[in-house]
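A short worksheet on the structure shown next.
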Amino acid sequence: MVDKEGREIREPVSRREFLVKTATSMVLGAVTLGALSRTPAYAGDKAAVPAAGSNSRATAVKEWPVNGDWENKIRRLEQDLERALGKPVEQRKWGMVIDLRRCVGCRACTVACKAENHLPPGVVYRPVMEEERGTYPEVQRRFLPRPCMHCEKPPCVAVCPVKATYKRPDGIVAIDYNRCIGCRYCLAACPYGARSFDSGRFYTQDTPLLEPYESEPALEYGKQWPRQKGRSPIGNARKCTFCLHRLQTGQLPACVTTCLGGATCFGDLNDPRSMVREWLAREGLMRLKEELGTKPQVYYLT
């Protein structure tokens, strides 16, 4: 529609429509910029790096897909998971590799984890940290997802006075909510800040109606944990479990299946045929605070 002078007249939009369009543009822009600034992250992409001397951004996008063959990657991880579940639990060793070159900071993993585990205010299992590198105007931002490290030598286990925190045979560091007394020693002992305390808050507690979905039970450790005052997990320490309840039913962790950039790889570190072992063989591998000797089972590609 135009006015008498030929100028375009835009139709008014609702606040909701404006926010949806803005959010969509931000996510697409972040994904596109991420694709332009990185090289292929794993051989399964079969993507070519733009030719030397080429300055064409269009060429870079065409030759390096944002997600690569994302669906095939998920299928491969599911096959690895099925093979691992066919072994005795003590023969598995769950681990994760996160490719920081693929992470675009969208925080889809954080939101998916919150929804999957029905996490209340103040409890976050997979935050995404940010850092700025370089000197203006040559600066870059890097995003670092930080789940529980599921250390081989976890400091949190040693300090628990009631043995509520323990290490499973498959390498997952778990919490027995029925034993936890909420002393929070483990929160202080964890060098990665990977533990939270559930103080019993709700997002809608100060509104006229406490929304029913906030009282829905979490399914952690294969059990139902309704959020009721005086009952676990309220008053307990809480942390990432690698979505153990999903693994037990043959499903990948929620953060893996929702990663827009395909940056998270998960599987059995004892399986030489698994994709996670392939990622471990790549250059640029590192772990957080290795000097502490905790031996985290979450690795990063830089």
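So which trypsin sites (Lys or Arg not before Pro) in segment 99-199 end up in coil per DSSP with only 10 or fewer other C-beta atoms within 10 Å? The qualifying sites are K163. Taking every protein chain into account, the accessible area of segment 77-154 amounts to 47 square angstrom per residue (probe 1.4 Å). Calculated from the alpha-carbon coordinates, segment 146-204 shows an Rg and a Dmax of 11.8, 39 Å respectively.
The modelled label-to-label distance for the pair D206/T302, using points 7 Å beyond Cα in the direction of Cβ, is 4.0 nm. With R₀ fixed at 30 Å, the C-beta to C-beta distance from E291 to E138 puts the FRET efficiency at about 0.55.
What net charge is computed for the residues neighbouring C148, neighbours being all others with C-beta under 9 Å from the C-beta of C148, Lys and Arg scored +1, Asp and Glu -1?
Values: positive: R126, R146, R195, K239; negative: none.
Summing Lys/Arg as +1 and Asp/Glu as -1 gives +4.
Summarise the accessible area of segment 150-251 (1.4 Å probe, protein heavy atoms) by the percent that is carbon and sulfur. Solvent-exposed carbon and sulfur of segment 150-251 make up 53 percent of the total.
Taking a 1.4 Å probe, which of L100, L210 shows the most accessible area, and what order do the others take after it? Provide the component values of the computation, followed by the final result.
Working: L100 10, L210 75 Å².
Per-residue accessible area, sorted high to low, gives L210, L100.
In this structure H245 has an accessible area near 20 Å², from a 1.4 Å probe over the protein heavy atoms. Both the radius of gyration and Dmax for segment 201-272 are 15.9, 55 Å, in that order, over alpha-carbon atoms.
Normalised radius of gyration for segment 138-288, please: alpha carbon Rg relative to 2.2 N^0.38 Å, two decimal places.
Expressed relative to 2.2 N^0.38 Å, the Cα Rg reads 1.19.
Karplus-derived 3J(HN,Hα) values for segment 117-128, using 6.51 cos²θ - 1.76 cosθ + 1.60 with θ = phi - 60°, are 9, 6, 7, x, x, x, 10, 9, 8, 9, x, 10 Hz; glycine and proline are entered as x. Stretching the chain fully between V89 and A158 yields a gain of 22.6 nm (0.36 nm per residue, less the alpha carbon separation). The overall shape of segment 238-279, judged from the alpha-carbon gyration tensor, is oblate: a/c is not under 1.5, and a/b is no greater than b/c.
Each label was represented as a point 7 Å from its Cα along the Cα-to-Cβ direction; for E131 and C183 these points are 3.4 nm apart.
The values are calculated or read from the model by the stated rules, or taken from the named source; none is laboratory data. These figures come from a predicted structure and were not determined experimentally. Here the Cβ is made from the backbone with ideal geometry for all residues, glycine too, and neighbour counts use every protein chain on show. These accessible areas exclude ligands, DNA and RNA; they are computed on the full protein's heavy atoms, side chains included. Shrake-Rupley method; radii C 1.70, N 1.55, O 1.52, S 1.80 Å.
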